[in-house]
1. For A88 paired with S48, estimate the spin-label separation in nm (one decimal), with each label point 7 Å from Cα along the Cα-to-Cβ line.
2. Can you list residues whose amide H is under 5 Å from G175's amide H, if they're 5+ apart or on another chain and H is modeled 1.01 Å from N?
3. Net charge near E66: determine it from the other residues with C-beta under 13 Å of the C-beta of E66, scoring Lys and Arg +1 and Asp and Glu -1.
4. Quick one: which residues, 5 or more positions from W164 or on another chain, have an amide H under 5 Å from its amide H? H modelled 1.01 Å from N in the peptide plane, none for Pro or chain starts.
5. Please arrange L50, L131 by counting, for each residue, the other beta carbons lying within 10 Å of its beta carbon, fewest first.
6. Using the number of other C-beta atoms within 10 angstrom as an exposure proxy, rank Y204, Y128 with the fewest first.
7. Obtain the nm distance between the two label points defined at R249 and N230 by a simple spin-label model: each point lies 7 Å from its Cα along the Cα-to-C-beta direction.
8. How would M126, M254, M209 line up from fewest to most surrounding beta-carbon atoms within 10 angstrom?
Amino acid sequence: MRILLAGAVGRLAGLAAVAAVVSGVGRGALSAQQDMSDVEITTIPIESDLFMLMGRGGNIGLSVGEDGAFLIDDQFAPLTEKILAAVAEVTDQPVRWVLNTHWHGDHTGGNENLVNAGGLIVAHRMVYRLLNPAEFADLVGRSGQAPRAALPVVTFDEGVQFHWNGRHIDVTHIGRAHTDGDAIVHFPRANVFHMGDTFFHGRYPFVDMDSGGGVDGVIAAANFVLERSNEGTRIIPGHGDLASPEHLRQYRDMLETVRMRVASLVANGRTEDQVVAAAPTADLDETWGANSERFVRAVYQSLSGGME
């Protein structure tokens, strides 16, 4: 380890496809296909009792103190031992809580392991539905998904507040954004946010339309945090380096620019393929990444009712 100082019917088939890649259904296959033996967990101190952990998958938030460790997301199951070793470097207390910012397997893959180690899972109710074998079967018409031990034991709708390790920890459901079960976590005293996958630092986001996502919600998530931020705010993104409000502002501006351009094309009657062919992100790709087609299609679907 290194320590650096620093829904609808139209979505059902797509949900099954997404599940095979990033959810609990694909957890075993993903573990078998990807060798994670070389993955290092990097610990980035934010305050003396607050950290960001980076490995493979979604960034992890970590609060430590006498009440026990509080994790935000847990990456993939094969990394749990390394993650717990990283936690043990900064506290002798066990993991008591794991908050899932959404249901994707690169953020929830370690749930079962951490429950078996004594932790409790908390998440938005849609995370429970999409990880729960019975609920998932109702949604997509087949069984699968996470084992029972990996499911949240506490769920919320609009939000929940923890009073843990001497901190108030505010958790807010942000609506249809990356998915329909996204949570943003705020540590007010530390002036720190964990945004999950509503924020991909330095790259185009993945808007999971098949899980109820939408571009307007991703923009709303960025504005939610920006409205509560100042120059000293630190932001843990779902993917990418620790960020500042300026980084998030640039991301929000990019989202709004692409949305405006795609909306104009939609208003002119362009089809989804025609919008992609018009290359509305061409001047942005050098900064935000060349793999823009998936994002453009998600924006189109968000604005045109492409899920129907």
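1. Between A88 and S48, the simple spin-label model gives 2.5 nm.
2. Amide H to amide H, under 5 Å and 5 or more residues apart or across chains, G175 pairs with D182.
3. Numbers: positive: R96, R167; negative: D49, D67, D92.
So the environment of E66 carries a net charge of -1.
4. Hits under the 5 Å cutoff: I169.
5. Working: L50 22, L131 28.
So the ranking, lowest neighbour count to highest, is L50, L131.
6. Details: Y204 25, Y128 21.
Lowest count first: Y128, Y204.
7. 1.5 nm
8. On the way: M126 22, M254 19, M209 25.
Ranking M126, M254, M209 by Cβ neighbours within 10 Å, fewest first, gives M254, M126, M209.
A short reminder: the numbers here are calculations on the coordinates, not readings from a lab. Nothing here was measured: the structure is a model prediction, and the numbers come from that model. Please note: Cβ atoms are built from the backbone with ideal geometry, for glycine as well, and neighbour counts cover all protein chains shown.
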